[in-house]
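Structure record follows, encoded as structure tokens.
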Amino acid sequence: MNTDLPPVIVTILSPFLQMFSAPAWKKAKILCVGGILCIGARRITSILRVMGLNAERRFEQYHRFLNRDRWNPLLGAKILLGLLIALI
């Protein structure tokens, strides 16, 4: 499974790296790539299936990402607001 992001996407996402711990970023990257490739509803299960992780032993860890992993959604909102203000 290749989860390397294209340079264009890395440029867009790089301001948000500071809001994730290293393990959380690894999962976020997989979910991001899977979300781009996924057709239809972008549920965690569908995303993991398209990434070839449907047989993963620790499948549930990706479901826990949104509510238990170390990442800061408030910081993400601040980063996004700053980027939007910079466009104005």
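Rounded to the nearest 20 debye, the dipole magnitude of the chain is 260 debye, with +1 charges on Lys and Arg beta carbons, -1 on Asp and Glu beta carbons, and the Cα centre as origin. Under the membrane-span-like helix rule (DSSP H runs whose alpha carbons stretch at least 20 Å along the helix axis, mean Kyte-Doolittle hydropathy -0.5 or higher), the chain yields 22-37, 73-87. Full extension of the chain segment joining LEU66 with ILE85 gains 4.2 nm, where the gain is 0.36 nm per residue of separation less the Cα-Cα distance. Between the listed residues ILE79, ALA41, PRO15, the Cα displaced farthest toward the positive end of the dipole of the chain, a dipole computed from Cβ unit charges relative to the Cα centre, is found at ALA41.
Run the quick spin-label model on LEU13 and ARG58: label points 7 Å from Cα toward the beta carbon, then report their separation in nm to one decimal. The two pseudo-label positions are separated by 1.9 nm.
Counting only DSSP H runs of at least 4 residues, each contributing -39500 (n - 2.57), and dividing by the residue count of the chain, the helix-based mean residue ellipticity at 222 nm comes to -18500 deg cm²/dmol.
Residues THR45, THR11 in ascending order of nearby Cβ atoms (within 10 Å, fewest first): THR11, THR45.
Every number here is computed from the coordinates shown, using simple stated rules; none is lab data. This one's a predicted model, so the numbers in the text were calculated from it and none came from an experiment. Neighbour counts are summed over all protein chains in view; Cβ atoms, including those assigned to glycine, are modelled from backbone coordinates with ideal geometry.
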